[in-house]
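Single-structure report; data block below.
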């Protein structure tokens, strides 16, 4: 219930679900911020690597939960998942008392994963631009923007300037 409400409220979007039932259930079971962020990021990076593979012409295996999604769908899912990560971190910081250790671990994981995702997105953007895939290029740039913002926010949250966590 909590995650379904968060998904709808966070995006005002009632279209296609961007997480699989298994991912939703795993997130639902993990209410602490650190494991929850790790699960979200695992889902996001799966969509990113799957979109990259599709752009390279690789087909998915039958039964893959992302089998029927296009690279555009997966990039939209990636974006929406990262947005959920940031909302979850914000909510965790507003709890009284906040789980400072869990937030710090989640920020470290977010930072590390974004450092891996950003070069992938840059590579994907070059491929999409070469193929004149304007919508795909737009979605990749949007994913890169939120990834860069997440990296910047994670680094700020972990910095000495922001000693709250």
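Bear in mind these aren't lab numbers, they're just calculated from the coordinates by the rules spelled out. This is a predicted model, so every value here is computed, not measured. Note that each Cβ is placed from the backbone with ideal geometry, even for glycine, and that neighbours are counted across all protein chains shown.
Our summary of shape: the Cα atoms of region 42-121 have principal axis extents of 48, 23, 18 Å, ordered from largest down, in whole angstrom.
Label separation (residue 91 vs residue 104): 2.4 nm, computed from points 7 Å beyond Cα along the C-beta direction. Label sites at residue 49 and residue 25, each approximated as a point 7 angstrom past Cα along Cα to Cβ, lie 2.2 nm apart. Using only Cα atoms and rounding to the nearest 10 degrees, what angle (0 to 90) does helix 71-94 make with the longest principal axis of the chain? The answer is roughly 0 degrees. A prolate overall shape is assigned to region 70-165, the ratio a/c of its alpha-carbon gyration tensor axes (a ≥ b ≥ c) being 1.5 or greater and a/b exceeding b/c. Relative to the longest principal axis of the Cα atoms of the chain, the long axis of helix 2-11 makes an angle of roughly 60 degrees. The mean of 1/r over all pairs of different alpha-carbon atoms in region 2-158, once inverted, gives a Kirkwood hydrodynamic radius of 16.0 Å.
Calculate how steeply helix 33-55 sits against the longest principal axis of the alpha-carbon atoms of the chain, using the helix alpha-carbon long axis, and give the answer as 0 to 90 degrees to the nearest 10. It works out to around 10 degrees.
Our analysis of region 106-145 gives Rg over Rh at 1.10, with the two radii drawn from alpha carbon positions and Rh computed by the Kirkwood formula. Considering the zone a paramagnetic label at residue 122 would reach in this model (a point 7 Å from Cα along the Cα-to-Cβ line), which residues of region 37-59 have amide N under 20 Å from it? The answer is 45, 48-53, 56. Only Cα pairs under 8 Å and 6+ residues apart enter the sum, and on that basis the relative contact order of the chain stands at 24 percent.
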